[in-house]
Amino acid sequence: MLKPIVGNGTRLRSNRDRDTALEANRFYFEEVVKSDIKLGFKIIRQSLEKVPEEVPLNALTLDEQLAYWLNLYNTAIIEKLIEHYPVRNAKKLLEGENSILNDKFINVSGHTLSLNNIQHNIVFKKFGNKKIVMYGFYQGIIGSPNLRNEAYTADKVYQQLSGNAEEFVNSNRGVQVKRNRLNVSIFYDQAKILFPDFENDLLKHILNYSDSSINSQVEDSEELILAIEDWNVTDIYGTERSFGEGNATNKAALLNAVAANSSVPGAGAMNLSFLDDMLSSKVSSQSRFSPAVLDKINKLRLKKKINSSSVKIKDLPTMYSALY
C-alpha cells in the first residue's frame, strides 16, 4: 500500500484502522470552525430549547417528540465538537467524568440537561421499546451512527432511523465476522439497557438488519465480542494537517455544509450535508486539497456509492412497537 506524500503545511499522518477508515459520512468541520456559521449551531440549539415554550412537548405526538430530542441532541453535540476542534481522536472528549456528553449546557422547560441525559434518561427510557432509536445519536466519530443530511421529522423518523441502522450494521464499524467470532461495535455498550438479554437480543437485532450476504456468518458465529471502535473525528482532512494552514479554502463550499429549514414546529431545524456528490466531484478542479486528501475524498465518495447501492431501507410503520 502506497503511503501518502506529506507536503508543506501538513503533519505526519497517524495510522488509522484500515477496516473503518473510509466508513461513515463526513462533516465539514474544517471550514465551519473558521467561519461565522459555527455560531449558528448555538443559535439553532437555543431555538430548539424554546420549542416547549411555544408548543408543550406533551401536546406533540410521540413521533414529534422523538424527532425533537434527536434534532436537539445532534445540534448540541456538533456545537460542542466545534468548540474543541481540531481534535483527531475524540475518545477523551466522549469518555469519563469530564466528557462533553456529561456537560449540562442544554436547558429545556427549566431543566438543565446533558447530552447523556437526553440519550439515556429521556429517549432510551421513553422510546427504548424501539431499539433503532440508538442510531439517532451521532457522536462526531467514525465509530458512531451517521449524522443524516436532513433533520429528523415526525412523519418519517423511524424510516430515517431504520436507514441509519442498516448502514451501521452492514458497515465495518458496526459488525465484522472473523474466524467464527462476531465482533460488534462498542457503541452497543451504550445501549445495553435496550437489550435485556444482551448477547441474544443483540444477535437478533443484528440479524434483522444485516444483509443476506453476512446473515449466515452472523448466525454461525460462536462468540459475540464488543471489539470494534474508531474514535477518529468524521472530518474530511483537517486533523491530518496543520489546522489553518496549507492550501487556500473556498468559502462557497460552506453552502454544502450547513443549511436550515423549519421542519420542527417553532424552531429552525438542522439540515446537515456532508461529502455530497457536488463537492466531491469538484475538488479535483480546486487547489484546496492536497493529492493525499483528494485521494481520500475520492475513496470516501466511492465507498458512499457502494453503500448507497447495497443498503435498502425497510418501510416500517411509524408506530410499529416491535422495531429492532
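The values are calculated or read from the model by the stated rules, or taken from the named source; none is laboratory data. Note that the structure is a prediction, hence the values are computed from the model and not measured. In this analysis, Cβ positions are derived from the backbone assuming ideal geometry, glycine residues included, and neighbour counts consider all displayed protein chains. Surface areas here come from the heavy atoms of the whole protein model, side chains and all, with no ligands, DNA or RNA. Shrake-Rupley method; radii C 1.70, N 1.55, O 1.52, S 1.80 Å.
At the residue level, residue 153 shows approximately 20 square angstrom of accessible surface with a 1.4 angstrom probe and all protein chains present.
Protection proxy ranking for 37-50, 166-179, using the average of other Cβ atoms within 10 Å per residue and placing the highest first: 166-179, 37-50.
Computing FRET efficiency as 1/(1 + (r/R0)^6) for residue 215 and residue 186, where r is the C-beta to C-beta distance and R0 is 25 Å, gives about 0.65. When the Cα positions of 72, 60, 32 are compared along the charge dipole of the range 23-80, 32 comes out farthest toward the positive end, with charges on each C-beta of Lys, Arg, Asp and Glu.
Summed over all non-identical Cα pairs, the Kirkwood treatment of the range 44-141 gives a radius of 14.0 Å. When the charge dipole of the range 82-126 is built from unit charges on Cβ atoms (+1 for Lys and Arg, -1 for Asp and Glu) and taken about the Cα centre, the candidate among 107, 96, 119 whose Cα reaches farthest toward its positive end is 119.
Multiply the residue separation of residue 178 and residue 298 by 0.36 nm, subtract the distance between their alpha-carbon atoms, and state the gained length in nm to one decimal.
Numbers: separation 120, 0.36 × 120 = 43.20 nm, distance 2.80 nm.
Working it through step by step, the gained length comes to 40.4 nm.
Length available on full extension from residue 112 to residue 55: 0.36 nm per residue minus the Cα-Cα distance, which gives 18.7 nm.
Mind listing the long-range amide H neighbours of residue 224? Cut-off is under 5 Å, sequence gap 5 or more, other chains count too, H placed in the peptide plane at 1.01 Å from N. The list, which skips near neighbours in sequence, is 182. For the range 118-194, the tally of Lys pairs with Cα-Cα distances below 24 Å comes to 9, considering only residues 8 or more apart or on different chains. When the accessible area of the range 48-184 is computed with all protein chains present and a 1.4 Å probe, what percentage of it is carbon and sulfur? Roughly 42 percent, rounded to a whole number. Each Lys or Arg adds one and each Asp or Glu subtracts one; over the other residues with Cβ under 14 Å from the Cβ of residue 193, this totals +2.
Per the Cauchy relation, a quarter of the hull surface: what is the mean projected area of the convex hull of the alpha carbons in the range 158-232, in nm²? Please list the in-between numbers first.
Working: hull surface 20.6 nm².
Answer in nm², one decimal: 5.2.
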